[in-house]
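One structure is given here, and the rest of the page talks about it.
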Amino acid sequence: MSRPLNLARQPFTNERLPTLALGLGCLLLLGGSVRHAMSAWQLLPSRTAAVDGELVALENEASELRARAAELRERSAPEDSLREWAAVRALVDRRAFSWSKLLATLEETMPPSVRLRQVAPGGEAGPVEVRLTAVAHSVEDALAFLTALRERPEFADAFLGSLSESAEGIDLQYSMRYAPAADRRDGTATGAAP
């Protein structure tokens, strides 16, 4: 075999790739050095003085807020304000009472021979104390309604307060604690009274 013919005085060598790789490496090194120099420049004491001043101001503000919070904890509201807020809270609690849930539950529970005359919720917090006035055809119907109320999970401590005969039938007064299903899931009301 014969060697390939080369007419050049000096053989050709490809030095572009190593030169290009060396140039890129130098550029990356220069970029890293510039970034390092910028980071070091930002950490100079003259540059961090503003951050230190802001930190001191924030610490002073935090200590002032802690002192004001301690002062506010020691204060008590005037008696008039407390009464006013208690009245507002009672109004909000009364507004939050769901009549539709109560009446739907009573409709599902009540036997056809019992008719409601009056429903009066009361109580401050937790389960609502409900007083019912009803008319039944017989004593058995009145006791059946009481049994149905006691079987419902929404009602606790249901009892028959009074029973008297009238021209319309048997007048009844029931009393119980009412806690809708949503309250029982949250744990704010249970079947057992404290």
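Of note:
- Scanning the range 132-157 for residues that are assigned to a strand (DSSP E or B) and under 32 Å from the mean Cα position of the chain (by Cα) yields Phe155, Ala156, Asp157.
- Output for the range 72-120, where each listed residue is within 26 Å of Leu143 (Cα to Cα), touching a Pro at 6+ places or on another chain (Cβ under 8 Å) and hydrophobic (A, V, I, L, M, F, W, C): Leu102
- Inter-residue pairs, beta-carbon under 7 Å, first among the basic types (Lys, Arg) and in the range 99-124, second surrounded by 15 or more Cβ atoms within 10 Å (Cβ to Cβ), 6+ apart: Lys101/Pro180; Arg115/Ala134; Arg115/Val135; Arg117/Thr133; Arg117/Ala134; Arg117/Val135
- If the condition is being surrounded by 14 or more Cβ atoms within 10 Å (Cβ to Cβ) and without any contact (Cβ under 8 Å) to a residue 24 or more places away in the chain, then the range 156-176 contributes Ala158, Leu160.
- Unique match (being under 17 Å from Ala179 (Cα atoms), at pLDDT 90 or above and surrounded by 15 or more Cβ atoms within 10 Å (Cβ to Cβ)) among Leu132, Leu102: Leu132
- In the range 53-101, the qualifying residues are those that are part of a helix (DSSP H, G or I) and among the aromatic types (Phe, Trp, Tyr), and the one that is farthest from Val128 (Cα to Cα) is Trp85.
Conditions tested, residue by residue: (1) of a type in the set (Lys, Arg); (2) touching a strand residue (DSSP E or B) at 6+ places or on another chain (Cβ under 9 Å); (3) under 23 Å from Arg152 (Cβ atoms).
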{"residue": "Cys26", "(1), (2), (3)": "no, no, no"}
{"residue": "Leu29", "(1), (2), (3)": "no, no, no"}
{"residue": "Leu55", "(1), (2), (3)": "no, no, no"}
{"residue": "Arg117", "(1), (2), (3)": "yes, yes, yes"}
{"residue": "Gly122", "(1), (2), (3)": "no, yes, yes"}
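- The residues on offer are Glu79, Glu108, Glu54, Glu59, and the sole one that is loosely packed, with under 11 Cβ neighbours inside 10 Å, acidic (Asp, Glu), closer than 30 Å to Leu163 by Cβ and more than 30 Å from the chain's Cα centre (by Cα) is Glu108.
- Flag if Ser33 is assigned to a helix (DSSP H, G or I), within 30 Å of Phe155 (Cα to Cα) and of a type in the set (Gly, Ala, Ser): no
- In the range 157-179, the residue that is modelled with the lowest pLDDT out of those that are under 26 Å from Pro127 (Cα atoms) and among the hydrophobic types (A, V, I, L, M, F, W, C) is Ala179.
The values are calculated or read from the model by the stated rules, or taken from the named source; none is laboratory data. For clarity, every value in this text was computed on a predicted model and none was experimentally measured. Glycine also receives a Cβ, built like all others from the backbone with ideal geometry; neighbour counts cover every protein chain displayed.
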